[in-house]
Structure formats: C-alpha cells, structure tokens
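Enquirer: Starting off with a structure, shown below.
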Amino acid sequence: MASTFYWSLPIRASFVEYMTQAGWKIQTCETEADVAIARDCEPGDIVVSADSDMMAYPSISTLWRPIARNLILVYNLKDARRTLDFSEAQLTALAVVSGNDYGKSIYSLGAATNYSVIKAIRDKGILYWCV
C-alpha cells in the first residue's frame, strides 16, 4: 500500500511545474521537507506533523501531532524539556528515536525505555552516540 503513495522524481517535477503554472508557490526540497519547514519557522509558528522528529529542530517551539481518532497532541517544546528535565540535545535524541520518517522507534524498545536510556545519558547537555 505504501508504494501507492510514492511519486517518482519525474512525476514530482511534473506536478511542481503544473502547480507553478496554476499560480501556486511550490517549495521543493533536496532532502526531507522537515528541514525546509524547520528553516522557515519563526517564533509563534505552529508545526503540524505526525513525525516526532520535528521536535529535533531548535526553531520549532510548538508542535501539533495528530494521533488516532482525530485527536491532536500539542507540545510546547520548552515546557516539554522542563517537565522531562531534558537538555535540548536529549529531547532531540528522544524525538529522533521515537517515531520519524526513517523508523517507528528503536527496534524492540518502547517510548518509556527510550526515555530511560536517554535520561541516563547526561554529560553537560551533550549526547555522545556510538555507532
């Protein structure tokens, strides 16, 4: 089913050309759209995304995350960091490993375990990753 929603590069280029000719302003992205969204965010903007990795961008202060049955979770990232007692780096790490475009979560670990692992890694607000 997922392959049904994949657009090849030529099809995307054709769509952009069509929409541009119809008067729409189209933002194309060399990489993921999240990067362009984060770059364009200004204080007071609200981002709507199902990807928790949107919390990884320092320019985003408020995230609305749609969940099941038309419910939306609203995250104020400054409040989230304060409540979790997380540095910006820790919140970024938690956001990246807890559901994004590249994977649902760390394999075999849930949100609570991800939180515990990241909470235990503290060194002057910097996270070190071993790959």
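Enquirer: Going through the stretch 1-83, which GluC sites (Glu not before Pro) have at most 13 other Cβ atoms within 10 Å and a DSSP loop state? List each step's numbers first, then the result.
Expert: Values: sites: 17, 30, 32; in loops: 30, 32.
Hits after loop and neighbour filter: 30.
Enquirer: Efficiency by 1/(1 + (r/R0)^6): what FRET value for residue 78 and residue 30, r their Cβ-Cβ distance, R0 = 30 Å, to the nearest 0.05?
Expert: Working: r = 30 Å, r/R0 = 1.00.
Computed FRET efficiency for residue 78 and residue 30 comes out at 0.50.
Enquirer: Would you please name the trypsin sites (Lys or Arg not before Pro) within the stretch 60-90 that are DSSP coil residues with at most 13 other C-beta atoms within 10 Å of their C-beta?
Expert: Working: sites: 69, 78, 81, 82; in loops: 69.
Listed in order of number, the matching sites are 69.
Quick note: the coordinates plus some simple rules give every number you see, no bench work behind them. Bear in mind that the values here come from a model prediction, so they are computed numbers and not experimental data. Every residue, glycine among them, receives a Cβ derived from its backbone with ideal geometry; neighbour counts consider all protein chains shown.
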